[in-house]
Amino acid sequence: MPIKINFPTPSARPGETPDFSRYDFPEPGALPVPPLDITAEDTLEYANSLIRVLDDDGNAVGPWADYLGEEGNDDVLLEGLRDMLKMRAIDARMLNAQRQGKTTFYLQCTGEEAIGCAFQRQLNKGDMNFPTYRQQSLLVAGGYPLKDLFGQYYQNENDPLGGRQLPTLHSAKDYGFFTISGNLGTQYVQAVGWAMAAALTGTDNIAAAWIGDGATAASDYHSAMVTAAVYKPPVILNVVNNQWAISSFNGIAGGTAATFANRGVGYGIPSIRVDGNDFLAVLAATKWATERTRNSHGPVVIEWVTYRVAAHSTSDDASAYRPKDEADAWPLGDPVERLKQYLIQRGKWSEDRHKQGEAEIMDEVIAVQKESEALGTFINPQYLSPSAIFEGVYEEMPEHLKRQRQEMGA
Amino acid sequence: MAKMTMIEAVRSAMDIMLEKDPKVIIMGEDVGYFGGVFRCTAGLQEKYGIERVFDTPINESAIVGMGVGMATQGMRPCVEVQFADYMFPAYDQITQEAARIRHRSAGQFSCPMTIRMPTGGGIFGGQTHSQSPEALFTHVAGLKVVQPSSPVDAKGLLIASIEDPDPVIFLEPKRIYNGPFDGHHDAKSVGWATHPLGEVPEGYYKTELGKANVFREGEAVTILAYGTMVYVAEAAVKETGIDAEIIDLRTLLPLDLETIVESVKKTRKCVVIHEGTRTSGFGAELIAEVQEACFYHLETPIVRVTGWDAPYPHAQEWDYFPGPKRVGRALVETVEA
Ligand SMILES: Cc1ncc(C[n+]2csc(CCOP(=O)(O)OP(=O)(O)O)c2C)c(N)n1
Ligand SMILES: [Mg+2]
């Protein structure tokens, strides 16, 4: 008898009814807060379950809510809500701007805002994110000037990177945001090295590595896992499981065989799995993870379970490979709606104030956007100097580049 | 005959080979249900089933490594690397494994595999969707390296690659997937539908590997080009009025030296052009070969026009791309020298 092999397929394709029945998420508040020095083996339950704080009625429940305490007070959460609204406004404006030809490319993080916006709150100056292209929320919550953000999208004189990088591939060292590579996975293991150096040079800084569910297949992801397990540096190994990698559902990356957090346990790294659409859960889990790594207990894996609401990028048409209404069927809801509901329920917010807040934030974003557009977009490019191509390749420009620059006539 | 874009032409080649040979399989990132980010494999999974056309995890080393494993059993995997810029994780599998399996096993194993990858710039892809790494493959014994410049060649060359007994790197110049591009980025884009090279036979045919094509006959100077640059050369010729002979290499390794030498002996002048970076680029190899074979026939030094030795920029793409102006200048200099 010939041997059979396996070709995973997603639960629903276009025209079919979305189906997330493969997920059996526990009730919010079900999991306790583990000790900071928990072993990998003892986190197995956390890796297979889901840390949740907000329940369906917008209440914060369970031990993780208590653990968060004042760090999750109303002021913090109102700020978090504003950050997410700002992120959403930027996404909406840039999607339109790309459609109008003002930039060549954009990539939304819709539905995943809570992860970056809450995570960033727990980092200190000197810590370093190694983000993917879908973590612009780390910058927005980290107070990165919108002027620089739009400058990079439009590649005018405000672009801190001088037109070198594809829009969305930011770099912001002062904001703890490592230069993004277009090649998936490469930076996961760099974060391990960065964290080792942070320890070896006597700082108390930590690194945060970021990767998508799809890119966990890349060899460099596994390089990071092995080296982090061996040297136990202060690094948080984040996996953003948003269900899709362009057109491939996460089963193509092994996500139906075991959870992504479970993989961490196999490598010998304590691993937890968290509701990425629950702002409070993200905040609490990050607090725990940063405390753990900062106190020399070694690395930690966090799988953030979420859903990629938008297409992969402006070059992609998601309706060609998944049901149009799949986002609506996502069992963990929408991060903005859920935090809004919590704050309303606490009497700190209302539908009207939300609408007003949304409008104010949109105005603020549009104002910066317009200022940036006046300096040039891809419709009326005020291109940066051609000879800048040769700058910064090396610290000191070698002769052959000087000759080429001259040949260019610039 | 049918009108095809280069995308449709490579799809047609894979379609025909999947039909003809049950040992052919297609795999790569997003190539299955979706049909690839450039749609080259659209409809093929539906037609041939998931066991023959399937998605892989995002791991180029795995894509090529699995391909090697399959090919050494006599299957004929035609795998896709989503962008040539993403082949680097697979470089070990390509250069140390696929390329050498036949030789090191004294012929016990061989690796009849095709590795397709979109290459080149001109699409505002920035530094990781624009590179031209052909020279990193032509440096490797055991590989064949192909780059078509039209739908009709793409189909014939891809079928020949899939049927070839050795590993073939098949570089698809993505800027001309939908139509020829002469380097004038602000001109209206034209599709293959109105171009004679977009006329493609519907059935099976092969375009022999290792054979260049005299794209345009001329007397004044020989231009060696491949991929998108063939049309840049054509534009430069038109704009300068110089009667150049344009040779479209089509296969970079093994190189059709005969056609090249014959042309250079006739024109006595040679300009070499490519998008990839200059230092140790494929142009250096071409210049060395032409110089060795034609030294006493040459009237002027061989000139090359290439991408600059810098990472491919995003905003300054058109200052980087070696367009018809730069090529034209080189032609004038060479002819007037
Ligand atoms: C080495 C490499 N291979 C392929 C790609 C093309 N690519 C870009 S994004 C992407 C999907 C990534 O999915 P995932 O890791 O889940 O992240 P998400 O986009 O969902 O945030 C692919 C295949 C790449 N950038 N780098
Ligand atoms: Mg994903």
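Given the condition within 16 Å of the chain's Cα centre (by Cα) and among the charged types (D, E, K, R), answer yes or no: does some residue in the stretch B:81-93 qualify? Yes, the conditions are met somewhere in the stretch B:81-93. Just wondering, is there one or more residues in the stretch A:374-381 that are within 10 Å of chain B (Cβ to nearest Cβ), open to solvent by less than 30 Å² (accessible area, probe 1.4 Å), under 30 Å from B:His314 (Cα atoms) and in a helix (DSSP H, G or I)? No: zero hits.
For the stretch A:231-264: of the residues being surrounded by fewer than 23 Cβ atoms within 10 Å (Cβ to Cβ), modelled with pLDDT of 95 or more and away from ligand 2 (no atom under 16 Å from the Cβ), which is nearest to A:Thr293 (Cα to Cα)? Checking each candidate, the answer is A:Lys232. Of the residues screened, A:Gly69 is not one that is more than 16 Å from ligand 1 (Cβ to nearest atom), surrounded by fewer than 21 Cβ atoms within 10 Å (Cβ to Cβ), within 14 Å of chain B (Cβ to nearest Cβ) and small (Gly, Ala, Ser). Among all positions in the stretch A:394-401, there is at least one residue which is open to solvent by 30 Å² or more (accessible area, probe 1.4 Å) and touching a Ser or Thr at 6+ places or on another chain (Cβ under 8 Å).
For A:Ala209, state whether it is in contact with a Phe, Trp or Tyr (Cβ under 7 Å, 6 or more places away or on another chain), of a type outside the set (Asp, Glu) and more than 16 Å from ligand 2 (Cβ to nearest atom). It is false that A:Ala209 is in contact with a Phe, Trp or Tyr (Cβ under 7 Å, 6 or more places away or on another chain), of a type outside the set (Asp, Glu) and more than 16 Å from ligand 2 (Cβ to nearest atom).
Output the number of the condition that B:Thr138 fails; it satisfies all remaining conditions of (1) surrounded by fewer than 24 Cβ atoms within 10 Å (Cβ to Cβ); (2) within 14 Å of chain A (Cβ to nearest Cβ). That leaves (2) as the condition not met.
Could you list, in sequence order, the residues of the stretch B:32-74 that are open to solvent by 30 Å² or more (accessible area, probe 1.4 Å), within 8 Å of another protein chain (Cβ to nearest Cβ) and of a type in the set (Phe, Trp, Tyr)? The answer is B:Tyr33, and nothing else. May I ask you to verify whether B:Ser130 is within 14 Å of another protein chain (Cβ to nearest Cβ), touching a residue at least 24 places away in the same chain (Cβ under 8 Å) and touching a Phe, Trp or Tyr at 6+ places or on another chain (Cβ under 7 Å)? Yes; evaluated as a whole, the condition is true for this residue.
Would you mind stating whether A:Ala257 is among the small types (Gly, Ala, Ser), near ligand 1 (Cβ under 9 Å from one of its atoms) and within 12 Å of chain B (Cβ to nearest Cβ)? Here the answer is no, as A:Ala257 does not meet what is asked. Considering the stretch A:203-226, the residues that are over 17 Å from A:Glu291 (Cα atoms) and open to solvent by 40 Å² or more (accessible area, probe 1.4 Å) include one that is farthest from ligand 1 (Cβ to nearest atom), namely A:Val226. Considering only residues in the stretch B:82-105 that are open to solvent by 40 Å² or more (accessible area, probe 1.4 Å), of a type outside the set (D, E, K, R) and away from chain A (no Cβ under 12 Å), the one that is nearest to ligand 2 (Cβ to nearest atom) turns out to be B:Gln96. The criterion of at least 1 residues that are more than 14 Å from chain A (Cβ to nearest Cβ) and among the polar types (S, T, N, Q) is met by the following strands (runs of 3 or more DSSP E) wholly inside the stretch B:247-320: B:251-253. Please go through the stretch B:106-131 and pick out each residue that is under 20 Å from B:Pro313 (Cα atoms) and either charged (D, E, K, R) or open to solvent by 30 Å² or more (accessible area, probe 1.4 Å) (or both). Listed by number, the residues that qualify are B:Ile123, B:Phe124, B:Gln127, B:His129, B:Gln131.
The values are calculated or read from the model by the stated rules, or taken from the named source; none is laboratory data. Fair warning: this is a prediction, and the values are worked out from it, not measured in the lab. Cβ atoms come from the backbone with ideal geometry, glycine included; neighbour counts cover every protein chain shown. Protein only, heavy atoms only, side chains kept; ligands, DNA and RNA dropped before computing areas. Shrake-Rupley method; radii C 1.70, N 1.55, O 1.52, S 1.80 Å.
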